[in-house]
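Working notes, structure below.
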């Protein structure tokens, strides 16, 4: 995600079987404030790239301080790709 311009931190909890992604910036921020469907596009893109369901928890375009995502039931490959917390 860093290569795409995101400033992110990741966190994996083996006990809850969820992977959390916190984006401190949004490459679509200006556009997303005017067109919220951009956030749905971003979710679809992340879900497709990770081949996992991704849920948007908080959104900068809606006034939150960061975009927070939860990857539901990540596969071992997804955990390996995203790392254990950067």
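Coordinate-derived values only; no laboratory data. Given the structure is predicted, the values throughout are model-derived calculations rather than measurements. A quick note on method: Cβ atoms are made from the backbone with ideal geometry, for glycine too, and the neighbour counts reach across all protein chains shown.
On full extension, the segment bounded by residue 25 and residue 57 gains 10.0 nm, given 0.36 nm per residue less the C-alpha separation.
At an R0 of 22 angstrom, the distance between the Cβ atoms of residue 80 and residue 45 translates into a FRET efficiency of 0.65. The fewest-to-most ranking of 48, 58 by surrounding Cβ atoms within 10 Å reads 48, 58.
Beyond 16 Å, what share of the Cα-Cα pairs of the stretch 2-74 remains, rounded to the nearest whole percent?
On the way: 1223 of 2628 pairs.
For the stretch 2-74, the share of Cα pairs beyond 16 Å comes to 47 percent.
Ranking of 65, 26 by neighbouring Cβ atoms within 10 Å, starting from the fewest: 65, 26. Annotation: extensible slack from residue 36 through residue 11 equals 6.4 nm (criterion: 0.36 nm per residue apart, minus Cα-Cα distance).
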